[in-house]
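Got a structure for you, written out below as structure tokens; questions coming shortly.
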Amino acid sequence: WNQVHPSLGTPLMAIVPDGLRLSSNTSRTAPIWKLIRFCMAQGADPRKVAHHLENSRSTWGSEGTAYPKLDAVDRSGHSALSLVFSFRRACCKFEKEYAAQIANADQMLSVFAEFVPEEDPVVLVPEGTVEMWEQLLADESCADVELEVSGVCADSTSGTSGTSGTLRAHGAVLRSASPVLNALLSAPMKEGRSGHIRVEGVTLEAARLFLRLMYTGNSPDTPSMVVLLGALDLAHRWQVPHIVAMAENELVAMVSPETLGELCEAALLKALPKLRSACRCFALTTPDVESAISREDFPTRAQRELRHLLHPATSKRRRSTSDGQ
């Protein structure tokens, strides 16, 4: 699905020109969008670059017709993603005549944004190995780092009491997992000398989940969304990508009308492609999602993202009006 044709480029690149050119593709139900999503589901990557293509220049229109001649676009050296931008840039020189093609380009970019790179391979670990790490996590006799957690939000649905407290961990494990903690626990730093780290902005339960995922890679129970978001925040803050990925995978399954705003906001702030794609797909396929998005307490970034997804033309007019003012 990412093979390169000598003149057309990748399969997704081959779809781009006619996908943009045909006015009938302005409909969200046009078959072209289903085709692109199918290709990406099979592994086609819109970021794949095709170099050294032959006879790869394309142009539309001709002088003296309803569609003026556009500057030629050379597919060589492009990916499907950058190729769309090039065609769109060419069309914008005659914005009125090529309005449908520009709308198709915006829609195609939106669909390409749903692409999620393949996950790292999952490795099976013997149960005895997991149990050994669980025992190490529970054994505080040789733990040499103290995490002082001062939470700021309580999870009313989890049944836990208290959002702050102290946890103990092993410096060798923390330093191995996180470059940020490795730097903090180095000798010149105060934390390195004292073995004491203040953890602000998450609950005790979230910090405990973070440590469990760091040591064992699993959790015996399904955590609540609030706890998962807290663990995700710590993993993002301390640059532990495999815990970010684990938390993101769990949050994808929690998207609902009630959680859409908070999860979409987290996906945007922390650049989580899989969660962002899940939120966008949910918004596109769920009836009456507008009522959820229109709530006063719906996060601003998520509201802007999803309204642009559902009403791209309206969003564009709103931006144009603001620019004019």
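Just so it is clear, none of the values below were taken in a lab; they were calculated from the coordinates. These numbers come from a predicted model, not from an experiment. All Cβ positions, even for glycine, are placed from backbone atoms using ideal geometry, and neighbour counts span all protein chains on display.
Once you keep just the Cα pairs under 8 angstrom separated by 6 or more residues, what percentage relative contact order results for the stretch 170-243?
31 percent
Turning to a different aspect of this structure: For labels at E296 and E148 in the simple 7 Å Cα→Cβ model, what's the distance in nm?
Taking the simple label geometry, E296 and E148 are separated by 3.9 nm.
Let me ask something else about it. Mark the label point 7 Å from the Cα of A271 along Cα→Cβ and return the residues of the stretch 224-254 whose backbone N is within less than 19 Å of it.
232-249
Under 8 Å for C-alpha pairs, at least 6 residues apart: give me the relative contact order for the chain, rounded to a whole percent.
On the way: 435 pairs, mean separation 36.6, N = 325.
Once divided by the residue count of the chain, the mean separation gives 11 percent.
Another question, then. Using amide H atoms built in the peptide plane, which far-off residues or other-chain residues are under 5 Å from H196 H to H?
Sorted by chain and number, the residues that satisfy this are E146.
What number in nm² do you get for the chain if you take the convex hull of its Cα atoms and divide its surface by four?
That works out to 22.3 nm², a quarter of the Cα hull's surface.
For the stretch 1-88, which trypsin sites (Lys or Arg not before Pro) are in a loop by DSSP, counting at most 12 other Cβ atoms within 10 Å?
Filter output for the stretch 1-88: R28.
Next question. Could you give each residue of the stretch 266-273 its phi-based ³J(HN,Hα) in whole Hz, using Karplus coefficients 6.51, -1.76, 1.60 with θ = phi - 60°, and x for Gly or Pro?
Running phi through 6.51 cos²θ - 1.76 cosθ + 1.60 with θ = phi - 60° gives 5, 4, 6, 5, 10, 6, 9, x Hz.
Could you give the nm distance between label points at M189 and T65, where each point is 7 Å from its Cα heading toward the beta carbon?
6.3 nm
Taking the Cβ of A267 as the centre, find all other residues whose Cβ is under 14 Å away and add up their charges (Lys, Arg: +1; Asp, Glu: -1).
Once positives and negatives cancel, what remains is -1.
Taking θ = phi - 60°, what integer Hz values does the Karplus form 6.51 cos²θ - 1.76 cosθ + 1.60 yield along the stretch 137-148, in sequence order, with x for Gly and Pro?
Using θ = phi - 60°, the values come out as 4, 6, 8, 8, 5, 10, 6, 10, 10, 10, 9, 8 Hz.
Something else now. Residues with amide H under 5 Å of R168's amide H, sequence separation 5 or more or different chain, H placed in the peptide plane at 1.01 Å from N; which?
Here the answer is L147, since their amide H atoms fall under 5 Å of that of R168.
Put a dot 7 Å past each Cα toward the Cβ at E97 and A253; how far apart are the dots in nm?
Result for the modelled spin labels: 5.4 nm.
Which far-off residues, 5 or more places away or on another chain, put their amide H under 5 Å from the one on H78, with H placed in the peptide plane?
A50
Here's something else I'd like to know. May I ask you to derive the relative contact order of the stretch 1-88, considering only C-alpha pairs under 8 Å and at least 6 residues apart, and to give it as an integer percent?
32 percent
If I fit a long axis through the Cα atoms of helix 204-216 and take the longest principal axis of the Cα atoms of the chain, what angle between them do I get, 0 to 90°, rounded to 10?
80 degrees
Once phi is turned into ³J(HN,Hα) by the Karplus curve 6.51 cos²θ - 1.76 cosθ + 1.60 with θ = phi - 60°, what whole-Hz value does each residue of the stretch 13-24 show in order, with x for glycine and proline?
5, 5, 6, 4, x, 6, x, 7, 5, 6, 5, 5
For the stretch 12-54 and the stretch 61-75, what is the separation of their Cα centres, given in Å?
If you average the Cα positions of each part, the centres end up 21 Å apart.
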